[in-house]
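> Pasting a structure below so you can have a look.
The values are calculated or read from the model by the stated rules, or taken from the named source; none is laboratory data. Note that the coordinates shown come from a computational prediction; the quantities given were computed from them, not determined experimentally. Cβ coordinates were reconstructed from backbone atoms using ideal geometry, including for glycine residues, and neighbour counts include every protein chain displayed.
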């Protein structure tokens, strides 16, 4: 973890509810895709934890969804403004397990951390991106520019596969596709479905990134604990990424 | 009282501890010199009440002293920033009583409201300005530009009369000067001394502007009450200016 | 269209938004700013038998997300309220008003209500809110609100002085507020309102002395909102009479949280002091905010 | 030069700044961020006899100028603390540490202290802070801290388990905290620390349910600072033993206010969670801030 002052270089809307922010500053604290940052906002006591979408020498890219007052106020932050940010929080994805045919599964606001994972992968990933409808779709081109093969699923069928990410996975499996390992992030119902279909039924091991209401974000307050096969873990510090084998589902 | 959004057009330092801010916006709520405005600052629950130094069609000028975190943060506000302000608060000075030879007595941060009073006066005022030392002196030229005759007193004698405003008043009296009415603002010890020397001993009636810790600033919370000959008064609403005859000193 | 109406002890009010006593004077001064008839009602300045100046100043200290006050029930006394304040209010407010009364003995509480209730202004009054929880007066005040037996004795004393609903305003400075609320309900209180201010203090680092002349004062503002919600929630589960929720409410969303905690109506206090239009804004925002969260009417289920 | 040293139950500490239990883990994780030997000491995570996961999540809710937590004493249990946590801490912290202990029975409190006191790690411990005020556990926890007799029974049970000073951590969720403090002093407590968190709650407007799985939680942060100051002031006047002040302290100026209220030392809690360097910054700023207000040493007179 590193604490630093970061300058907003971009803050633009991608979809009706999703925004991208680019922060310029020290990235030396970031070690792996799947880690997150924790942003201090004026007028709010707790920081806002947001997963890292991309990081390079210029700075950090995050994609955030407007859910409450904090994220709503973030959309009004002007370029050039400085923010107090904790970076490189949590343990991210371990890409050594990717194998030749890695599968990335992202749902809605859970998609961003998969971007840096895809960019850092040696082998070409298949990426399943799930959205409620076509209005919410973002970052398909960006993933394709990385050379990834992207499959989109929308709950209302307005684009790509009609249904959830697990329906897209079923179609790929039925087409004879196999995968060496998977990486996922998204709302808990999606994670549970992925765990059931891809890990349990599909027999593919993977790494899942979890969300939880956090106090500190760096392991001090025990606010975001989770029971695992290896004992009690802190989502913010020991996670947010956990292996399918660790879960008690 | 009027609530409005005002834009900072100037925020510059006059002395080591005193700053001047010019606010652009609706001035229609301001009716008399001696009134004050109440400024909402981010991160502070209560507004900051500050007396009006000047007001014209362009906006409001205030002069504030850095006393705590709130006023300290005010010094960092950039030109162009908008502030939520309540204007035209309280009852100001009644200039109809000025007569031909009005006397204005201001101490330190109590000087600003006298500027607008001097500017609005029909007859040429004598202005006694008290400071701790010469570093703190401000606005002498501005008063003189209004045609006022200015007498400076410094506690350490580093400029003008050595001593307090009451010492300067004594010198004027001994020189045979007489005054028709006085207007004053400053720290309570100074007000008490002025009350004693100018009103009681000097026999000159006047109007005194008081300071008190305020809640709302517009008469709702009863936080800043004061006992007077005419019953309980609210410094923020019935004051901040009270006549010497009303005081129970 | 959503319906913001609520019933408060048999009186239907247009919305549950009620400026709290001590933050709204006797109403008419806010009527210069906006039409206060948009409010559900409001609770007027705590009134005692005799005129009171209250405590010495300073009476105000700023706090993180809140403020301390130690006003100590300054008011012109019940007779002056009947003679001056209420007739002035009558010209600008045409709804039943909540009469907030305080005292230093059970007899005083009863006498203040009796005089209001028998006055020519009585028709203006919809409810009596009996403040047994002022932390800023010595003898009486909060001491009535921190002991179930004393709270009961006040209710007993005032219960038969009027046919109008009696609301007891409770103190949060207690180990178990439900115990006090139940004692009030048992003696026939028609409702309880909570929370009054939390007792707090601040020091002036320069003088090294308490900022408030009264040493301690009552904390109000958003800082106390979570404590208020918890106590409203506990009390609403413990009694059958309506619970009026207050404490740091500053927005229509805060009002909805209070209603979800079990409040029958909501008082808005310190917010009126920072933004004189706060209560009007909350009333305006309420329908839209209810719609946003799929609430069509109260109670929220 | 100013002198920041204070005496805490016969042990002189370099400054009165003490990260509070539950906000600093077992210390060694903060040692990765800065040299924690700059602190007066710190109070480690509340430790019970058995390992505990604590309450279900969500356990955190944001509030104006503060936060609610309902962690519920998650900890690895005293034996694991002796085996794993303290040896790890020993490598990075070379001052006496404050051992925070909790229990669900008077026997458990006593047994936890006994095991720590007889362990090979006992020399690391300078004080025991006995938490009788956790609002987030059912049975035990806060119930010990809201009744003078029960508080006294805990002190009685632990008093002779160790020769080290025993500090009782008190709950603010009471009508009269001085009554509890006096009961602890009478039974031989060496000091009291206060305030633990104020019980509060928040609702999720979308689900219309409490945000916390545990329904209620403990409020901490600047929001509670004025209440903490008031209780420290009252308690310091009521007892002769030292009072450790805590509750929303976030700056060196807050530390000085607490000392003016009568605190012998000051714990820093929630501030550590928002800024991991908060306690270090407060230690750094303290001398300069003391100088600014003309304070050369403690106690502030």
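> Tell me the residue from C:71, C:130 that is more than 14 Å from chain D (Cβ to nearest Cβ) and outside any loop (DSSP other than H, G, I, E, B), please.
Among C:71, C:130, only C:130 is more than 14 Å from chain D (Cβ to nearest Cβ) and outside any loop (DSSP other than H, G, I, E, B).
> I need a count of the residues in the stretch A:84-112 that are assigned to a strand (DSSP E or B) and crowded, with 21+ Cβ neighbours inside 10 Å.
Count: 11.
> Please specify each residue of the stretch C:55-65 satisfying the condition of being at negative phi and facing another protein chain (nearest Cβ under 8 Å).
Scanning the stretch C:55-65 gives C:57, C:58, C:59, C:60, C:61, C:62, C:63, C:64.
> Give the residues of the stretch C:83-103 that are surrounded by fewer than 20 Cβ atoms within 10 Å (Cβ to Cβ) and either under 16 Å from residue C:45 (Cα atoms) or in contact (Cβ under 8 Å) with a residue 60 or more places away in the chain (or both), sorted by residue number.
C:83, C:84, C:87, C:88, C:90, C:91, C:92, C:95, C:96
Per-residue answers, yes or no, for (1) closer than 29 Å to residue D:33 by Cα; (2) at pLDDT 95 or above; (3) within 14 Å of chain D (Cβ to nearest Cβ):
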position	(1), (2), (3)
A:139	no, yes, no
A:143	no, yes, no
A:186	no, yes, no
A:192	no, yes, no
A:212	yes, no, yes
A:233	yes, yes, yes
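> Quick check on my filter: what residues within the stretch C:8-54 are part of a loop (DSSP other than H, G, I, E, B) and facing another protein chain (nearest Cβ under 9 Å)?
Result: C:22, C:23, C:24, C:25, C:32, C:33, C:45, C:51, C:53, C:54.
> Kindly indicate whether any position in the stretch C:155-165 is closer than 29 Å to residue C:59 by Cα, in contact with a strand residue (DSSP E or B) (Cβ under 9 Å, 6 or more places away or on another chain) and at pLDDT 95 or above.
No, the stretch C:155-165 has no match at all.
> Of everything in the stretch B:23-49, what is surrounded by 19 or more Cβ atoms within 10 Å (Cβ to Cβ), in contact (Cβ under 8 Å) with a residue 40 or more places away in the chain and not in a loop (DSSP other than H, G, I, E, B)? Give them in sequence order.
B:23, B:36, B:37, B:38, B:39, B:49
> Here are the criteria: (1) outside the structural domain of residue A:161 (by TED's automatic domain parsing); (2) touching a residue at least 60 places away in the same chain (Cβ under 8 Å); (3) crowded, with 20+ Cβ neighbours inside 10 Å. Tell me which single one residue A:60 does not satisfy.
Unmet for residue A:60, out of (1) outside the structural domain of residue A:161 (by TED's automatic domain parsing); (2) touching a residue at least 60 places away in the same chain (Cβ under 8 Å); (3) crowded, with 20+ Cβ neighbours inside 10 Å: (2).
> So, one more: Counting only residues that are touching a helix residue (DSSP H, G or I) at 6+ places or on another chain (Cβ under 9 Å) and crowded, with 20+ Cβ neighbours inside 10 Å, how many does the stretch D:268-301 have?
Going through the stretch D:268-301 one residue at a time, the tally reaches 15.
> Does at least one position in the stretch D:274-285 carry a residue that is within 18 Å of residue D:6 (Cβ to Cβ), assigned to a strand (DSSP E or B) and touching a residue at least 12 places away in the same chain (Cβ under 8 Å)?
Within the stretch D:274-285 (the criterion being within 18 Å of residue D:6 (Cβ to Cβ), assigned to a strand (DSSP E or B) and touching a residue at least 12 places away in the same chain (Cβ under 8 Å)), the answer is no, since none of the residues qualifies.
> Continuing with this model, one more query. Going by the conditions given, is residue D:252 under 17 Å from the mean Cα position of the chain (by Cα) and over 26 Å from residue A:224 (Cα atoms)?
no
> Another one. Which one of these is over 25 Å from residue B:233 (Cβ atoms), away from chain D (no Cβ under 14 Å) and in a helix (DSSP H, G or I): C:80, C:117?
Residue meeting the stated conditions: C:117.
> Inside the stretch C:162-252, counting only strands (runs of 3 or more DSSP E) that do not spill past its ends, which hold 1 or more residues that are within 11 Å of chain D (Cβ to nearest Cβ) and surrounded by fewer than 24 Cβ atoms within 10 Å (Cβ to Cβ)?
Hits in the stretch C:162-252: C:198-200.
> Looking at B:218, B:210, can you tell me which residue is crowded, with 24+ Cβ neighbours inside 10 Å and within 30 Å of residue C:42 (Cβ to Cβ)?
Result: B:218 is the single residue among B:218, B:210 that is crowded, with 24+ Cβ neighbours inside 10 Å and within 30 Å of residue C:42 (Cβ to Cβ).
> Next question. Quick one: would you say residue A:202 is on the phi > 0 side of the Ramachandran plot, more than 14 Å from every other protein chain (Cβ to nearest Cβ), modelled with pLDDT under 95 and surrounded by fewer than 24 Cβ atoms within 10 Å (Cβ to Cβ)?
Against the criterion (on the phi > 0 side of the Ramachandran plot, more than 14 Å from every other protein chain (Cβ to nearest Cβ), modelled with pLDDT under 95 and surrounded by fewer than 24 Cβ atoms within 10 Å (Cβ to Cβ)), residue A:202 does not qualify.
> Need the failing condition index for residue B:53 against (1) surrounded by 19 or more Cβ atoms within 10 Å (Cβ to Cβ); (2) free of Cβ contacts under 8 Å to residues at least 12 places away in the same chain, just the number.
Here residue B:53 meets the rest and fails (2).
> One residue is enough: does the stretch A:50-62 have a residue meeting the conditions within 14 Å of another protein chain (Cβ to nearest Cβ) and either in contact with a helix residue (DSSP H, G or I) (Cβ under 7 Å, 6 or more places away or on another chain) or modelled with pLDDT of 95 or more (or both)?
no
> In the stretch B:151-187, which residues are in contact with a helix residue (DSSP H, G or I) (Cβ under 9 Å, 6 or more places away or on another chain), closer than 19 Å to residue B:209 by Cβ and crowded, with 19+ Cβ neighbours inside 10 Å?
Of everything in the stretch B:151-187, those that are in contact with a helix residue (DSSP H, G or I) (Cβ under 9 Å, 6 or more places away or on another chain), closer than 19 Å to residue B:209 by Cβ and crowded, with 19+ Cβ neighbours inside 10 Å turn out to be B:153, B:164, B:165, B:166, B:169, B:179, B:181, B:182, B:183, B:184, B:185, B:186.
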